[in-house]
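Worksheet: the structure to be examined is printed underneath.
The values are calculated or read from the model by the stated rules, or taken from the named source; none is laboratory data. None of these values were measured; they are calculated from a predicted model. Cβ: placed from backbone, ideal geometry, glycine included. Neighbour counts: every protein chain shown. Heads up: the accessible areas ignore ligands, DNA and RNA and are worked out on the full protein's heavy atoms, side chains in. Shrake-Rupley method; radii C 1.70, N 1.55, O 1.52, S 1.80 Å.
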Amino acid sequence: MTKSYFSQNLKNLRKYHKITLEELSEAVNVSKSALSDYENDKFSPSLIICRKIADFFKTSIDILEFSEILEKNKDGELILANQESHPKQILEAKEYAEVLEKQKNELLLELRLQKQKVESLTLQMRLQEQLKASKLSEIELLRSQIILLQEKIGLIQK
């Protein structure tokens, strides 16, 4: 099981930003006592609350949970114990996300191609309908000519 740094990181981030429990409570809309319980590792927050806290401190849930935040440098960037503190699952998840993104792009391309095929077939169907209408008109014209020729023949035979 991977060690969770959430409670300690929450304390450290509050300290680095010089924010009280009450101020953070108001900012993320979570009770002060709940935040205290999270910091004292009595309870774990829901994913939604983790997201609110991570967003407030402009960091990721992964860093809050799985990286040991040592301090904040003069530029305001977080200094982590080491980048290897990220568990293997996070790295695998990132790789998987890249694979999914590539598959998504391939599927979007395939979808565009299929849409073009549908448009092409629709156009072909319209052309076939026009050709059919043209041929029907031609047949009607030929029928009219046949009737006229039959009438002429009838007149000639009389």
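Quick check on my filter: what residues within region 29-49 are crowded, with 18+ Cβ neighbours inside 10 Å and outside any loop (DSSP other than H, G, I, E, B)?
Leu35, Tyr38, Glu39
Checking Lys15 against (1) open to solvent by 40 Å² or more (accessible area, probe 1.4 Å); (2) modelled with pLDDT of 90 or more; (3) assigned to a helix (DSSP H, G or I), which test does it fail?
Status for Lys15: all satisfied but (2).
Yes/no matrix, rows are residues, columns are (1) touching a Phe, Trp or Tyr at 6+ places or on another chain (Cβ under 9 Å); (2) farther than 20 Å from Ala93 by Cβ:
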{"residue": "Val30", "(1), (2)": "yes, yes"}
{"residue": "Leu35", "(1), (2)": "no, yes"}
{"residue": "Phe43", "(1), (2)": "no, yes"}
{"residue": "Leu47", "(1), (2)": "no, no"}
{"residue": "Lys58", "(1), (2)": "no, yes"}
{"residue": "Phe66", "(1), (2)": "yes, no"}
